[in-house]
1. Distance from the Cα centre of the range 1-65 to that of the range 77-129, in angstrom?
2. Using percent of Cα pairs over 24 Å apart as the read-out, say which of (i) 35; (ii) 26; (iii) 21 was calculated from these coordinates.
3. Quick one: what do you get for the range 23-92 if you divide its Cα Rg by 2.2 N^0.38 Å?
4. Each label point is 7 Å from the Cα along the Cα-to-Cβ direction; what then is the distance between the points at residue 31 and residue 87, in nm?
5. Taking springs between alpha-carbon atoms closer than 10 angstrom, which of 54, 123, 106 fluctuates most in the Gaussian network model of the chain?
């Protein structure tokens, strides 16, 4: 089953209070999972990875075989595609976990999109942070 995943993570203060947004859709564009969650103190990049990991786990649980992942974090996309090395030890742990989860899918792709094309996930992050702070 082909699915589309949009994720976003953010921290106010960087590091500061952080949240993730995850939107998983089936191939018809129907939302099958929408999640906004507070993750505690984190950096923006940590939050981006935590959002991706949550999305990958959710897609696996929903039996996705093919997954298109859309993120507005150019860093995470380029690291996941092997275009950038992961130098930060904390991010490396998240990266390694994501690479293990990739094996759950027959096909996976990562695409960088501007924030304006990732509004659903971005809105979830901001709603959580606005209600928490």
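Every read-out reported here was derived from the displayed coordinates using simple, explicitly stated rules and does not represent laboratory data. No experiment lies behind these values; they were computed from the predicted model shown. Glycine also receives a Cβ, built like all others from the backbone with ideal geometry; neighbour counts cover every protein chain displayed.
1. Result: 9 Å between the Cα centres.
2. (iii)
3. My calculation over the Cα atoms of the range 23-92 gives 1.19.
4. Each label point is offset 7 Å from its Cα along the Cβ direction, giving 3.8 nm.
5. Judging by the Gaussian network model, the answer is 106.
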